[in-house]
Amino acid sequence: MRKLTFNYLRVSTKIQNTKRQLDKVPCDRIFIDKASGKNAKRPELESLLRFINSGDHINIHSIDRLARNLKDLRELIDQITGKGCSVKFHKENLHFTSEKNAFQDLMLSMLGAVAEFESAIINERRLEGIAKAKEKGVQFGRKPDLDRYEDINRLLKKGYSMRAVAKQLNCGLSTVQQAKANQVSN
């Protein structure tokens, strides 16, 4: 059976693009995920892992494209090499096969820990930004639909239950609860 080469690309959001990742690295097939690296359950990654056979090779731009935490990173590499496949991280110039290499394991642990640390710092900054915005009174989420709130409160005043109002106006129960709590009506 012919040995195949795959490129795995990942970006965190649908608006980002993969052009900077492995653009000149030849392969038989490309798998692209547009999802966070925090979760190892990604559709294209799972397809790739089901698709590979012994002797196949996977190219990945950098360690953080495969996983953002050391546990997932190690498990994924063990899963790949356990199937007799190899994986190369081009940015870090690390190549893993089923043969154990102490230096590469050390580098994987260090670089994986750095990727995990970066992810934690990004999340910490995001939470700080949200907290500061809330202190300034910035509202998050969609603005309330005042017309809908009026309709909801009108039906509630007529004696309809919250569930009946939600069903009749084709909205969620939480929308009815918010409208009732805000009492936006004429």
Residue match in the stretch 78-86 (condition: assigned to a strand (DSSP E or B) and either in contact (Cβ under 8 Å) with a residue 60 or more places away in the chain or under 23 Å from Lys41 (Cα atoms) (or both)): yes
Evaluate the stretch 118-126: report whether one residue or more is under 25 Å from the mean Cα position of the chain (by Cα), of a type in the set (D, E, K, R) and surrounded by 12 or more Cβ atoms within 10 Å (Cβ to Cβ). yes
With the condition kept exactly as written, say whether any residue in the stretch 101-110 is surrounded by 14 or more Cβ atoms within 10 Å (Cβ to Cβ), touching a residue at least 40 places away in the same chain (Cβ under 8 Å) and either more than 29 Å from Ser12 (Cα to Cα) or not basic (Lys, Arg) (or both). yes
Which one is farthest from Met1 (Cα to Cα) among residues in the stretch 56-72 that are assigned to a helix (DSSP H, G or I) and in contact with a helix residue (DSSP H, G or I) (Cβ under 7 Å, 6 or more places away or on another chain)? Leu70
Check Glu75, Glu116, Glu99, Glu150 and return the single one that is charged (D, E, K, R), within 23 Å of Leu4 (Cα to Cα), at pLDDT below 95 and assigned to a helix (DSSP H, G or I). Glu75
Report yes if some residue within the stretch 80-93 is under 27 Å from Lys24 (Cβ atoms), surrounded by fewer than 16 Cβ atoms within 10 Å (Cβ to Cβ) and among the hydroxyl-bearing types (Ser, Thr, Tyr); otherwise report no. no
Considering the stretch 4-50 alone, what residues qualify as being at pLDDT below 95, polar (S, T, N, Q) and surrounded by fewer than 19 Cβ atoms within 10 Å (Cβ to Cβ)? Ser12, Thr13, Gln16, Asn17, Thr18, Ser36, Asn39
Kindly list the number of the only condition in (1) surrounded by 12 or more Cβ atoms within 10 Å (Cβ to Cβ); (2) in a helix (DSSP H, G or I) that fails for Asn53. (2)
Here the residues within the stretch 34-74 that are among the hydroxyl-bearing types (Ser, Thr, Tyr) and within 20 Å of Thr18 (Cβ to Cβ) are Ser36, Ser47, Ser62
Of everything in the stretch 12-27, what is within 26 Å of Arg2 (Cβ to Cβ) and either out of contact with any strand residue (DSSP E or B) (no Cβ under 9 Å at 6 or more places or on another chain) or among the acidic types (Asp, Glu) (or both)? Give them in sequence order. Asp23, Lys24
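The values are calculated or read from the model by the stated rules, or taken from the named source; none is laboratory data. Because the structure is predicted, anything quoted here is derived from the model rather than measured. All Cβ positions, glycine included, derive from the backbone under ideal geometry; neighbour counts span all protein chains shown.
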